There are 2 protein chains.
Amino acid sequence: MNKNISSQTLQRLPVYLNYLISLPEKIKSGNISATAIADALQLNNVQVRKDLASVSQGGRPRTGYVTAELISDIQSFLGFKNRDGVIVAGVGNFGKAMMCSDSFSDYGFDVICGFDCNENIVGTSINRIPVLDISEMKNFCLNRNIRIGIITVPEKHAQEVCNMMTDSGIKYILNFASVHLNVPKGVTVHNENISLTLAMISRCNFSENRT
Amino acid sequence: MNKNISSQTLQRLPVYLNYLISLPEKIKSGNISATAIADALQLNNVQVRKDLASVSQGGRPRTGYVTAELISDIQSFLGFKNRDGVIVAGVGNFGKAMMCSDSFSDYGFDVICGFDCNENIVGTSINRIPVLDISEMKNFCLNRNIRIGIITVPEKHAQEVCNMMTDSGIKYILNFASVHLNVPKGVTVHNENISLTLAMISRCNFSENRT
């Protein structure tokens, strides 16, 4: 399996998956070709063929894919069989948005806990996801082998929270605070700076478009 | 002025600006070199020199920049002299986070209005920014020549809201709904798909890091 697929391919995988799952049982228990999928979704035939080949080795000339195998391979790739728990530090508007988003599920992620230090929020739940005191992060994450954290705390607390995350075994951090975070080797930080993105698209002729 | 600067450079500009503004009046009314700025901010000398040259033509060998001119040039580039009003469609958790974020200001953006169709929210204000009925968007934007909109509505309403934005003269759209949006020529859409980003960094060896 090719782990170095493009974001464009990755983004189409849930589309293929949803389509395949929606098919009548008769087709689901048989075969399907990349061309048939491309036609149904009005996508480019070659692109679909490449996308599917990057996650499944089951494609055969003329017969196509065994539908059930293809569904299973896409689900594996998207992490459905090995779902990742995600924690959110900072349960303000941004944190709540993360905890309420239903789009994580499409990629095999489950936001399973929020952390905050505000007494009024700790002990409550958002979208049926508990909010714990931030001091409980380490135990929580180590016990559950959590690898992914989202930082939605104010800038001034971001580095401290980042340190707590790396101490808790977290390897991948999505950071919404607009500060640079120092992390130990082996930890990946991705900074989401929304105002920077706005500036890039509206003032700098920046045309990167991730879908 | 070079409009095609990198996101890394763009991101450092507010850092330079904040530093320059914080200087004592004596220096602010004199000159400053790229090297002095690099030293003070613990950044690479060559990088700072390049960054500044991309937004100001005032650098002179040995004497450096007239500090006041450099401040003015960075402010111009970041849009401080021609600030952009931004509207937000969809005042849920995400929309509220956008309306409460203070990071837009660093890049010369002001979120000036939220739009929603929920009677309980319309007429209120978030962070002193009014929330109007979405039917008022067109008049509001055309009267104020708004160019930038953020879409934080549920997926199923995103295309409809996008159409309203383009009808309202909006040219740059930041889209948080995970659907592809069709826009007329001349309109730029940037899709922020947070779960996709998480999948890229944690499952696909994706190491792009925008800061």
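Let me know the volume per residue of the alpha-carbon convex hull for chain A, in Å³.
Details: hull volume 31.7 nm³, N = 211.
Here the figure is 150 Å³ per residue.
Give the residues of segment B:32-57 whose amide nitrogen is closer than 17 Å to a point set 7 Å from the Cα of B:S72 in the direction of its Cβ. Backbone N within reach: B:32, B:55-57.
Take peptides A:177-190, A:64-77 and line them up by average Cβ neighbours within 10 Å, highest first, as a rough protection proxy.
On the way: A:177-190: 15.4, A:64-77: 19.1.
Ranking, from highest mean packing down: A:64-77, A:177-190.
Looking at this model, which pairs from B:K28/B:K81; B:K138/B:K171; A:K138/A:K171; A:K50/A:K171; A:K96/A:K156 are more than 21 angstrom apart at the alpha-carbon? Check vs 21 Å cut-off fails for A:K50/A:K171. Return the whole-Å distance between the Cα centroid of segment B:80-130 and the Cα centroid of segment A:149-183. Each part reduced to its Cα centre gives a spacing of 25 Å. Counting only aspartates and glutamates at least 8 places from B:K185 when in the same chain, those with an alpha carbon closer than 15 Å to its own are B:D167.
Residue order by solvent-accessible surface for B:C100, B:C162 is B:C100, B:C162, largest first, with ligands and nucleic acids left out and a 1.4 Å probe. In this simple spin-label model, placing a label point 7 Å from the Cα along the Cα-to-Cβ direction at both A:N163 and B:L142 gives a separation of 5.6 nm.
Can you run the Rg to Rh ratio on segment A:7-78? Use alpha carbon positions and the Kirkwood inverse-distance Rh. Could you put the intermediate results ahead of the total?
Values: Rg = 10.7 Å, Rh = 11.9 Å.
Radius of gyration relative to Kirkwood radius: 0.91.
Heavy-atom accessible area for B:I146, with the other protein chains in place and a 1.4 Å probe, reaches approximately 10 Å².
Estimated from helices alone, the mean residue ellipticity of chain B at 222 nm is -12000 deg cm²/dmol (sum of -39500 (n - 2.57) over DSSP H runs with n ≥ 4, per residue). Residues A:I134, B:I112 ordered from highest to lowest accessible area at a 1.4 Å probe: B:I112, A:I134. A point 7 Å from Cα along Cα→Cβ stands in for A:N82, and the other copies hold the same point at 5.2 nm, listed in rising order. Under 15 Å from the Cβ of B:T152, count the other residues' Cβ atoms, weight Lys and Arg +1, Asp and Glu -1, and hand me the total. So the surrounding residues net to -3.
The values are calculated or read from the model by the stated rules, or taken from the named source; none is laboratory data. Owing to the predicted nature of the structure, the values given are computational and were not obtained by experimental measurement. Quick reminder, even Gly has a Cβ in these numbers, built from the backbone with ideal geometry, and neighbours come from all protein chains shown. Calculation scope for accessible area: heavy atoms of the full protein, side chains included, ligands and nucleic acids excluded. Shrake-Rupley method; radii C 1.70, N 1.55, O 1.52, S 1.80 Å.
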